Structure formats: C-alpha cells, structure tokens
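Written below as structure tokens is the structure these notes are about.
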Amino acid sequence: MIGGQLGLPYFYFYDANAHGPSRALQNVDLRTARYYNRVVARFFLLVASLAVALVSTAEVRAQSGWQKEWEATLAAAEKEGQIDIAGPPGDSFRKAIVDGFTKAYPKIKAELFGGSGGNKVARILRERQAGVFGWDLYISGPTSALAGFKPVGAFEPLKPALILPEVKNDNNWIGGFNSGWADIEKKLFYVFGGTLAGDNIYLNRDLVSADQIKSARDLLEPRWRGKIVIQDPRIEGKGLTDILVMSLAYGEDFVRRLLSEQKLTVTHDRRQLVEWMVRGQYPIAIGLNEYVLVLFQGKGAGQNIGAVVDPKTDVYWASGSSGIGLFNRAPHPNAAKIYINWLLSRNGQIEWVKTLTNSRRVDVPPSEPKSAMKPGRVYHNVQAEDMIPQRRRIQQLAEEQLR
C-alpha cells in the first residue's frame, strides 16, 4: 500500500505466486505510484511556498505602508517647523515636553504654554471663540480637558494620528492600549500615565504611628479633630481626587462626616501642605502630592512621612497630567502627529517619567514604583469622563461642608 498517510489514493500489490499477475506489471504499478507521489508532493510544496510568500508580502506591504506614511508626515512636519502645546506647569514638564522632543526632532521647534487646567481651558476657549486657533495639542489631566473642550467640539479624533505600530500594541500598555482612553467614546483623549490613587492619607510617623490609622475610617476618631490638613477638594486637584476615592470606597455619608466634623485645615498650595507635614504642624494630610514630597525627601526632610495602604482604595488610579488631546484646526497638524507618536512611544515615555510621573507602558520602568500600577490588574481611572458627575458631586458636598 502507498500513499495512505499522505491522503493520496491507495495502490494495492499482490503476491505474484498467490494471484498470478506478472512481476513486470507490479513494477510498472510501483513506478507509477512513486511518480504520482512525487508530483503530488511537489504540488503541496509549491502551494506552501506560495502561501509563505503571500504572507511575507503582506507583512512587507503593511510595514512599508506605515513607514511611508511616517516619512511623509515627518517631512511635512519639518516643513511646518513648529508645534504649540498647552501643558502642565513646571520645569520638569518643560524638559520632558519640549527638550525631550526637540532632541529627537531638532527640525521641529516646540513651544509650551504651561499652567493650571482651569486657566489653560479658559484662555484657549476665549481664543477659539474669537477665531484664534493657535494650539496643536493639549497635555493635561482629562477632567478639565473633556469638561471644557468636548462640549464645544474642540478635539479631533486621536486614533487616525497614531502611525507607529508600537504605540497601538496592546502588549506595551498596562491593561492594553484601549484602557487608556479617558472619554466615553474612546477616541478623543488618551491617558498614557498615572499613579495609584490609594495614597489618600499621609502620616508623619514621628507623630502618628502606622497602627493608629489603617484606613480612612480611622480619621473620624475625635482625637484627630483639628490635626488634618487637606488640599482644597472644592477645586480640581489631588484633594478632590482623594475625597472622591474615599467616597467610592466608604460612601458619601463618611465623606460628609469627615468634612464637617473633623475641623480640617484647607490649603490650595501643594508645597505649603507638604511643608506643614514636614515641620509637624499637622501630622495627617489628605491630598498630599507625592512628587512634591519626593523633592523634600531628596533634601533629607520628611523621611518619616508616608502613605497609609488601604486595600479598599488601591483599585483606583489617577492620571494626573498624563493625558493628550489633539485640537481640531491645529496650525501644525503634521508636527502634532509626529509629537503624539513620539510621546506615546517608548522613547517618549522614558522622557515623560523624568517628571516623576509613572507611565502605563510596561517597557518603561516607573519613576515611583510604590505608586505604579501592576500589569495584569484591573484599575479604574477616577479622572475619566464617566467620573466627572461624581467629581462634581463631591465638589458640591465640599462646598456645603467646608464653610
């Protein structure tokens, strides 16, 4: 029998003495079968080779497709020669946003207008209403961006601007690429970094031991009345985010009692809050900015100040200023595309984490490992668009109680 294992027709040969066919006929049948097998084998080899060639050709075409688009966009961007960005304040952000990019693309000048979210949004909206469209990109937290710009249709869909395959690769991002969208439609504003939002309470352990406060519920004890400082939760910032997370974990009634009963000291100044903690003026803080604390600790101060780890709140994360949106009617659309792809690339995120803000990319080491999200876990962004109604509710509650 020949061919059965290959899925080919069977050829049967019989014993010459038992059945009588001539040995010559048997040899002819054997030669025919071997020839047939060789022809079929070559056919299958040819088909397999063609399949491999077609797949390889498709891959080459796909690769050359994005490369051609990238080269054409880069050439047009260099011809534009400039990009204008509205972004967060501070020298560290300027170095990451401006210097990091111009080092990679020296033919494109980057300009940054740094400021708080509310001030930037108000100015840009006034300009657009006057017919002035001077900004290409908005880099900041998603709350003020989406609340201010989305209702007036100021953002262009971001997905068509993504050219580099690495920036869209799910394997490169904690939770996959799509988990970074902050808007409900998942197309306008992308969040590329952030930190765990479970660090709602900080203690000066020279004054309060870790076993005295293990969760937010312990803050309601009478002995802590008048000993807590908070960044103002009536405005956007870490204080609002921390109180929001507490409300999600423990309910609004808890928040109402905390704000009304515990005689909190309220400040707008992030640095002042940390300084009070370092000096021991207040042993407990809500809304403390970890990155400001790191600056103090880098100079040897506040070494015993640390966050309370509460399992009920470590499933939430805050994106901080780590979000990006593309304005429509941008004056430098090609430079904007190059910038977006650079910022979301590994090289761009390596520059970004120098601001002491963690990246969502798994191939970029976190600048602050303690507050970094872990690959494989599911987190909820408390600054995403679907959380805006609850944020506004907490602001209203704070207005009512902090009088």
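The values are calculated or read from the model by the stated rules, or taken from the named source; none is laboratory data. From a predicted model like this one, the values you see are computed outputs, not experimental measurements. Cβ placement follows ideal geometry from the backbone for every residue including glycine, while neighbour counts extend to all protein chains displayed.
Does residue 229 meet the test of being assigned to a helix (DSSP H, G or I) and either at pLDDT 95 or above or not assigned by TED's automatic domain parsing to the domain that holds residue 370 (or both)? So residue 229 fails the test.
Criterion applied to 337, 312, 374 was being in a helix (DSSP H, G or I) and either at pLDDT below 95 or touching a helix residue (DSSP H, G or I) at 6+ places or on another chain (Cβ under 9 Å) (or both), and the one residue passing it is 337.
Is the stretch 354-363 home to any residue that is hydrophobic (A, V, I, L, M, F, W, C) and crowded, with 21+ Cβ neighbours inside 10 Å? Checked the stretch 354-363: no residue is hydrophobic (A, V, I, L, M, F, W, C) and crowded, with 21+ Cβ neighbours inside 10 Å. Summed over the stretch 178-207, the residues that are farther than 30 Å from residue 303 by Cβ and assigned to a strand (DSSP E or B) give a count of 4. Selection of the stretch 340-357 for residues being modelled with pLDDT of 90 or more, assigned to a loop (DSSP other than H, G, I, E, B) and closer than 20 Å to residue 145 by Cα yields an empty set.
Residues in the stretch 274-294 that are out of contact with any helix residue (DSSP H, G or I) (no Cβ under 8 Å at 6 or more places or on another chain) and either of a type in the set (Lys, Arg) or without any contact (Cβ under 8 Å) to a residue 60 or more places away in the chain (or both): 276, 279, 281.
Residues considered: 325, 300. Of these, the only one that is outside the structural domain of residue 145 (by TED's automatic domain parsing) and either part of a helix (DSSP H, G or I) or out of contact with any Ser or Thr (no Cβ under 6 Å at 6 or more places or on another chain) (or both) is 300.
When you look at residue 173, is it among the aromatic types (Phe, Trp, Tyr) and over 29 Å from the mean Cα position of the chain (by Cα), yes or no? Reasoning before the result, please.
Values: among the aromatic types (Phe, Trp, Tyr): yes; over 29 Å from the mean Cα position of the chain (by Cα): no.
It is false that residue 173 is among the aromatic types (Phe, Trp, Tyr) and over 29 Å from the mean Cα position of the chain (by Cα).
Is it the case that some residue within the stretch 128-141 is closer than 30 Å to residue 65 by Cβ, modelled with pLDDT of 95 or more, surrounded by 14 or more Cβ atoms within 10 Å (Cβ to Cβ) and of a type in the set (Ser, Thr, Tyr)? Yes, because at least one residue in the stretch 128-141 is closer than 30 Å to residue 65 by Cβ, modelled with pLDDT of 95 or more, surrounded by 14 or more Cβ atoms within 10 Å (Cβ to Cβ) and of a type in the set (Ser, Thr, Tyr). Only residues that are of a type in the set (S, T, N, Q), in contact with a Lys or Arg (Cβ under 7 Å, 6 or more places away or on another chain) and at pLDDT below 95 were counted in the stretch 377-403, giving 0.
Anything in the stretch 124-140 that is basic (Lys, Arg) and without any contact (Cβ under 8 Å) to a residue 24 or more places away in the chain? List them, or say none. Give the steps one after another, and end with the answer.
Residues of the stretch 124-140 that are basic (Lys, Arg), as a first pass: 126, 128.
Result: 126, single match.
In the condition set (1) assigned to a loop (DSSP other than H, G, I, E, B); (2) at pLDDT 95 or above, residue 210 is compliant with all but (2). Of the numbered criteria (1) at pLDDT 95 or above; (2) under 30 Å from residue 164 (Cβ atoms); (3) surrounded by fewer than 21 Cβ atoms within 10 Å (Cβ to Cβ), the one residue 291 fails is (1).
Name the residue that is farthest from residue 321 (Cα to Cα), counting only residues in the stretch 102-127 that are of a type in the set (D, E, K, R) and surrounded by fewer than 21 Cβ atoms within 10 Å (Cβ to Cβ). Don't jump to the end; show me each part of the working.
Pass one, the stretch 102-127, residues of a type in the set (D, E, K, R): 103, 107, 109, 111, 120, 123, 126-127.
Subset that is surrounded by fewer than 21 Cβ atoms within 10 Å (Cβ to Cβ): 103, 107, 109, 111, 123, 126-127.
On the way: 103: 22, 107: 26, 109: 22, 111: 17, 123: 18, 126: 22, 127: 22 Å.
In this case the residue turns out to be 107.
Of the residues making up the stretch 81-94, those that are surrounded by fewer than 19 Cβ atoms within 10 Å (Cβ to Cβ) and either at negative phi or of a type in the set (Asp, Glu) (or both) are 82, 89, 91, 92, 94. For the stretch 98-106, the criterion of a residue being outside any helix (DSSP H, G or I), within 11 Å of residue 335 (Cα to Cα), under 30 Å from the mean Cα position of the chain (by Cα) and at pLDDT 90 or above is satisfied by at least one position. Annotation: residue 335 fulfils all but one of (1) over 30 Å from residue 249 (Cα atoms); (2) among the aliphatic types (A, V, I, L, M); (3) surrounded by fewer than 21 Cβ atoms within 10 Å (Cβ to Cβ); the unmet one is (3). Please identify the pairs in which a residue from the stretch 240-262 that is closer than 15 Å to residue 402 by Cα and assigned to a helix (DSSP H, G or I) has its Cβ atom under 6 Å from the Cβ atom of a residue that is at pLDDT 95 or above and polar (S, T, N, Q), counting only partners at least 6 apart or on another chain. Every condition considered, the pairs that remain are 255/247; 259/401; 260/401.
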